[in-house]
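The values are calculated or read from the model by the stated rules, or taken from the named source; none is laboratory data. Values in this document were obtained by computation on a predicted structure and should not be read as measured data. Quick reminder, even Gly has a Cβ in these numbers, built from the backbone with ideal geometry, and neighbours come from all protein chains shown. Ligands, DNA and RNA are stripped out before the accessible areas are found, and what is left, the full protein with its side chains, is counted by its heavy atoms. Shrake-Rupley method; radii C 1.70, N 1.55, O 1.52, S 1.80 Å.
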Amino acid sequence: MAPAQNPITSKHVAVIGAGAAGIITSRELRREGHSVVVYEREKQVGGLWVYTPKSDSDPLSLDPTRSKVHSSIYESLRTNVPRESMGVRDFPFLPRFDDESRDPRRYPNHREVLAYIQDFAREFKIEEMIRFETEVVRVEPVDGKWRVQSKKSGGFLEDEIYDAVVVCNGHYTEPNITHIPGIKSWPGKQIHSHNYRVPDPFENEVVVVIGNFASGADISRDIAKVAKEVHIASRAREPHTYEKISVPQNNLWMHSEIDTANEDGSIVFKNGKVVFADSIVYCTGYKYNFPFLETNGYLRIDEKRVEPLYKHVFPPALAPGLSFVGVPAMGIVFVMFEIQSKWVAAVLSGRVTLPSPDKMMEDINAWYASLDALGIPKRHTHTIGRIQREYLNWVAEECGCELVERWRGQEVDGGYLRLVAHPETYRDEWDDDELIEEAYTDFSRKKLISFDPSYYLENGR
Ligand code: FAD
């Protein structure tokens, strides 16, 4: 940990967003003694986890004038991380067997995650810091401070000056659409997974789903329940790939990526197969977007790289007044929010110091060079799932907080392998009971649960 050089000071801090990142961050900032205002444009906490059957007015979300919906959650979604790993470390995501409205499964549905986030907000009295239905429209540095301009739902604009701003606006709302040669003349329907909710509109159709990671694997199987045929296009697969995937409806195929789309409705895959499809569903990820940030060109987004960001959190020349919680993509995101925001809170109070801007830039450039040397494309700058525990432990040591538990890292790594190998069953069949037991024993040791650790193993399926 870098030694503190300044006396501990309390700062006036704005947090943008009251999703999981924003509420966890505001708790950590307040714990460190800062005064906090959270801006949230919706009416409630939860961000992405507030499911709505509504979606953007443009199914590909390309039209800048479209009406927008924040959430990207589909009706059938269950978590892709086991609950004991997903929760905040001193407020575990426990099954609530006493309440029938709750989903006690190890990989619960999206409603259960929202209920957990609401429980967290209630427990730590987060809502008293939040200004709901208030959108941040501009953030800019002014004389060593930060000006935040916000708009209430009635259109009323307000300016306020803060010592610091922490950006927690979420990164799963602005779709990334892969270009397909010939797509302009292809006559079918197209939709991005951000706007996918239920399979019904695809009944009896031939559907091509692009992408086969968490959302692509789920959505292709969801649609296969009602569609005539579903064809997954995966750029991670060898060009000759053509496999039938076992599903009860016997109607799902895996291909390599798409070669062309044509005016006659055909889609040609790199494996040479041709299908005449009614719809394409893009499960091709999201873009970072900070439309309110005015940094005079200092911060840029280049092919999904937000640059420059020291350890994915601090832009060197604007730190510590501006910081970002939640930029990396990894398995244990709530714990990442917790550890990153503890670091931000400690730096702002002066308990921990950052290296000089030049040293931070050196570190960033060394990180980019290491990605280049490994042949990792720029778009994966913040995809750090492989090294998530190492990264989080580095940040934890920096701010003097508890390291990530061994079982948590192992559960997430093992869960990822199960997801890839058995996307249909990984949420209900597993072989790591000993890690679950270790997790609940840990919760018991820290007095976070009142039941015996073995109780969950006996009741939690
Ligand atoms: P969000 O939840 O998106 O919250 C951002 C908030 O900021 C929103 O409330 C928004 O209204 C507000 N906001 C944005 N801009 C402004 C503005 N200008 N002014 C005011 N307010 C603003 N993670 C897991 O741990 N487990 C999972 O199983 C899992 N499944 C996922 C499934 C899908 C389909 C997706 C897309 C992601 C999943 N994730 C999962 C990752 C997910 O991103 C995190 O769980 C987490 O909820 C993100 O929290 P966040 O606060 O960063 O963003």
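You will find that of 303, 294, 263, the residue that is of a type in the set (D, E, K, R) and either modelled with pLDDT under 95 or buried (at least 17 other Cβ atoms within 10 Å of the Cβ) (or both) is 303 and no other.
Flag not set for residue 230, criterion: out of contact with any helix residue (DSSP H, G or I) (no Cβ under 6 Å at 6 or more places or on another chain) and surrounded by 15 or more Cβ atoms within 10 Å (Cβ to Cβ). Condition test on residue 15, is it crowded, with 23+ Cβ neighbours inside 10 Å and either of a type in the set (A, V, I, L, M, F, W, C) or within 18 Å of residue 125 (Cβ to Cβ) (or both)? It is true that residue 15 is crowded, with 23+ Cβ neighbours inside 10 Å and either of a type in the set (A, V, I, L, M, F, W, C) or within 18 Å of residue 125 (Cβ to Cβ) (or both). For segment 385-397, the candidate set comprises residues that are in contact (Cβ under 8 Å) with a residue 60 or more places away in the chain and either of a type in the set (Ser, Thr, Tyr) or touching a helix residue (DSSP H, G or I) at 6+ places or on another chain (Cβ under 6 Å) (or both); within that set, the residue that is nearest to residue 347 (Cα to Cα) is 395. Looking across segment 170-222, the residues that are within 11 Å of the ligand (Cβ to nearest atom), closer than 22 Å to residue 305 by Cα and either part of a loop (DSSP other than H, G, I, E, B) or polar (S, T, N, Q) (or both) come down to 170, 171, 172, 173, 174, 193, 213, 215. Against the list (1) under 30 Å from residue 329 (Cα atoms); (2) in contact with a Ser or Thr (Cβ under 9 Å, 6 or more places away or on another chain); (3) at pLDDT 95 or above, the condition residue 205 fails is (1). Looking at this structure, is residue 69 within 16 Å of the ligand (Cβ to nearest atom), hydrophobic (A, V, I, L, M, F, W, C) and not in a loop (DSSP other than H, G, I, E, B)? Considered against the rule, which asks whether it is within 16 Å of the ligand (Cβ to nearest atom), hydrophobic (A, V, I, L, M, F, W, C) and not in a loop (DSSP other than H, G, I, E, B), residue 69 comes out as no. Any residue in segment 74-83 that is within 7 Å of the ligand (Cβ to nearest atom) and among the small types (Gly, Ala, Ser)? Looking for residues that are within 7 Å of the ligand (Cβ to nearest atom) and among the small types (Gly, Ala, Ser), one finds none in segment 74-83, hence no. In this structure, is residue 326 outside any helix (DSSP H, G or I) and buried (at least 20 other Cβ atoms within 10 Å of the Cβ)? Spelling it out, residue 326 is indeed outside any helix (DSSP H, G or I) and buried (at least 20 other Cβ atoms within 10 Å of the Cβ). Does residue 61 fit the bill of being within 28 Å of residue 189 (Cβ to Cβ), near the ligand (Cβ under 7 Å from one of its atoms), buried (at least 21 other Cβ atoms within 10 Å of the Cβ) and of a type outside the set (D, E, K, R)? It is false that residue 61 is within 28 Å of residue 189 (Cβ to Cβ), near the ligand (Cβ under 7 Å from one of its atoms), buried (at least 21 other Cβ atoms within 10 Å of the Cβ) and of a type outside the set (D, E, K, R).
What helices (runs of 4 or more DSSP H) completely inside segment 344-461 contain at least 2 residues that are surrounded by 19 or more Cβ atoms within 10 Å (Cβ to Cβ)? Show your work before the answer.
Values: elements: 357-373, 388-399, 406-421, 433-445, 453-459.
Passing ranges, in order: 357-373, 388-399, 406-421, 433-445.
Look at (1) under 20 Å from residue 48 (Cα atoms); (2) crowded, with 19+ Cβ neighbours inside 10 Å; (3) among the polar types (S, T, N, Q) and you find that residue 153 fails only one, number (2).
Residue 107 satisfies every condition listed in (1) assigned to a loop (DSSP other than H, G, I, E, B); (2) surrounded by fewer than 18 Cβ atoms within 10 Å (Cβ to Cβ) except (2). The set of residues in segment 125-156 being assigned to a loop (DSSP other than H, G, I, E, B) and either closer than 22 Å to residue 45 by Cα or β-branched (Val, Ile, Thr) (or both) consists of 125, 126, 132, 133, 153, 154, 155, 156.
Considering only residues that are near the ligand (Cβ under 6 Å from one of its atoms) and under 15 Å from the mean Cα position of the chain (by Cα), which ones fall in segment 13-27? Once the filter is applied, which keeps residues that are near the ligand (Cβ under 6 Å from one of its atoms) and under 15 Å from the mean Cα position of the chain (by Cα), segment 13-27 yields 17, 18, 19, 20, 21, 22.
Looking at 54, 43, which one is surrounded by fewer than 20 Cβ atoms within 10 Å (Cβ to Cβ) and within 11 Å of the ligand (Cβ to nearest atom)?
Numbers: 54 fails: within 11 Å of the ligand (Cβ to nearest atom).
Exactly one of 54, 43 is surrounded by fewer than 20 Cβ atoms within 10 Å (Cβ to Cβ) and within 11 Å of the ligand (Cβ to nearest atom), namely 43.
Residues in segment 390-409 that are at pLDDT below 95 and under 25 Å from residue 78 (Cβ atoms): 409 alone. Considering each of 165, 139 in turn, give the residue that is of a type in the set (A, V, I, L, M, F, W, C) and near the ligand (Cβ under 10 Å from one of its atoms). That would be 139, the only listed residue that is of a type in the set (A, V, I, L, M, F, W, C) and near the ligand (Cβ under 10 Å from one of its atoms).
Tell me the strands (runs of 3 or more DSSP E) entirely within segment 223-279 that contain at least 3 residues that are of a type outside the set (Val, Ile, Thr). Show your work before the answer.
Numbers: elements: 229-233, 242-245, 252-255, 258-261, 266-269, 274-276.
Answer list for segment 223-279: 229-233, 242-245, 252-255.
Here residue 96 meets each of (1) within 15 Å of the ligand (Cβ to nearest atom); (2) in a loop (DSSP other than H, G, I, E, B) with one exception, condition (1).
Only one residue in 174, 133 is open to solvent by 50 Å² or more (accessible area, probe 1.4 Å), modelled with pLDDT of 95 or more, under 23 Å from the mean Cα position of the chain (by Cα) and under 30 Å from residue 294 (Cα atoms). Which one?
Numbers: 174 fails: open to solvent by 50 Å² or more (accessible area, probe 1.4 Å).
From the options 174, 133, the qualifying one is 133.
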